[in-house]
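Shown next, in structure tokens, is the structure this report addresses.
The values are calculated or read from the model by the stated rules, or taken from the named source; none is laboratory data. Quick caveat: nothing in here was measured; it's all calculated off a predicted structure. Because the Cβ atoms are built from the backbone with ideal geometry, glycine has one as well, and the counts that use them run over all protein chains shown. With ligands, DNA and RNA removed, areas are computed over all heavy atoms of the protein, side chains included. Shrake-Rupley method; radii C 1.70, N 1.55, O 1.52, S 1.80 Å.
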Amino acid sequence: MRHEGAIFRPPSEAESLILQATVGCSWNHCTYCAMYREKSYRVRPLEELVAEVRLARRECGAEVTRIFVADGDALAMELGHWEPLLLACREAFPRLRRVSAYATALNVAAKSDAELRRLRELGLSLLYVGPETGDDVTFQRIAKGAGFAEHALASRRAHAAGMKVSAIFLLGVGGVDRSREHAEGSARLVTEMDPEFLSVLTLTVVPGTPTAALAARGQFELPSIERMLEELRTLVAASHPTGAIFRTNHASNYLPLEGRLPRDRDRIVATVDRALAGAVPLRPEWARGL
Ligand code: SF4
């Protein structure tokens, strides 16, 4: 497959065919994000993408069951681009079970209910949405472009269209001063979004980002590891999804955990408490990744 620049995908898409339909992120303003700063957003030409799907069929055979459509917010593509692309995927890979993509709340808001339903009919069945926080002050500070209400609505509309939602939250993104509000708001937003998958990552302040510039000026302070573990504890203990697969297996995290919420809530909270008490080893700094 032809990929331009670094490709980012969720850990759970490790086995998927990665189809880079868009380059970069149509928003590209989040203050902590360094993923697509060097890329100018564009949608790749349809003919090029369809040819790539056919090439993938020749190279990988008909066995592909999962496709992840990159880059940063591929849902931004117009329906006129998505439709033939998903049809080509379906034709090339008859065993295809899941097509997924990153999506922002803004991307979902830009699609009508009928468009979302059509995308689902054609196979787009999972959206990875990263509000990162549930605290409206933090939403504004990180320039997410949408807040609590917009993310709750995006999830509701994706669910109504028959799609699954994987929600991503980011420990530390509220800084020291909004840490408690960030954790409590995130727990409330998890309950509202009621995602099928819930992932928690840990903020790394990346050089070159607005967050790094704020940190250098003393206007942003990353909470301590203990404080971020407390955020994680609040997020798990106070959220009420009806049935979410929960993971902190991303390389950025100090404490990899997994389970189902609400079923495994007590076990997960107890593990975080043991980590806070120093009884569970944390991932060392050198082993963490973005
Ligand atoms: S929407 Fe996602 S990819 Fe785009 S700038 Fe924000 S965090 Fe980065």
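A few notes on this one:
- Absence of a disulfide-compatible partner, taken as no other cysteine beta carbon within less than 4.7 angstrom, is noted in the chain for 25, 60, 89.
- Selection from 277, 241, 104 lying farthest towards where the dipole of the chain points positive, charges on Cβ: 241
- Carbon and sulfur %, accessible surface of the chain computed with the full protein complex present, 1.4 Å: 52 percent
- Computed extension gain for residue 95 through residue 263, at 0.36 nm per residue and net of the alpha carbon distance, reaches 57.3 nm.
- Helix 265-276 vs. the chain, principal-axis angle (Cα, 0 to 90°, nearest 10): 60 degrees
- Each Lys and Arg contributes +1 and each Asp and Glu -1, all at the Cβ; summed about the Cα centre of segment 143-185, the dipole is approximately 220 debye.
- Divided by 2.2 N^0.38 Å, where N counts the residues, the Cα radius of gyration of the chain comes to 1.00.
- Cα-based helix-to-principal-axis angle, 179-193 vs the chain, degrees rounded to 10: 40 degrees
- Dipole size of segment 159-209 about its Cα centre, with +1 on Lys/Arg Cβ and -1 on Asp/Glu Cβ: approximately 100 debye, rounded to the nearest 20.
- Between residue 274 and residue 221, the FRET efficiency estimated from the beta carbon spacing at R0 = 25 angstrom works out to 0.40.
- Alpha-carbon centroids, segment 41-58 and segment 222-290: separation in whole Å: 39 Å
- Sites listed here are GluC sites (Glu not before Pro) in segment 34-68 whose DSSP assignment is loop and whose Cβ has at most 12 other Cβ atoms within 10 Å: 38.
- Net dipole in debye of the chain [+1 Lys, Arg Cβ; -1 Asp, Glu Cβ; about Cα centre; nearest 20]: 460 debye
- Loop-located trypsin sites (Lys or Arg not before Pro) in segment 1-43 (DSSP state not H, G, I, E or B) with no more than 13 neighbouring Cβ atoms inside 10 Å: 2, 37.
- Helix 225-238 vs. the chain, principal-axis angle (Cα, 0 to 90°, nearest 10): 70 degrees
- Helical contribution to [θ] at 222 nm, DSSP H n ≥ 4, -39,500 (n - 2.57), averaged over the chain, rounded to 500: -11500 deg cm²/dmol
- Average accessible surface area per residue within the chain, 1.4 Å rolling probe, Å²: 44 Å²
- Rounded to 0.05, the FRET efficiency of the residue 115 and residue 249 pair, given R0 = 30 Å and the Cβ-Cβ distance, is 0.40.
- Modelled spin-label separation between residue 140 and residue 288, with each label point placed 7 Å from Cα along the Cα-to-Cβ direction: 2.8 nm.
- Trypsin sites (Lys or Arg not before Pro) lying in DSSP loop within segment 248-282, provided at most 15 other Cβ fall within 10 Å: 263
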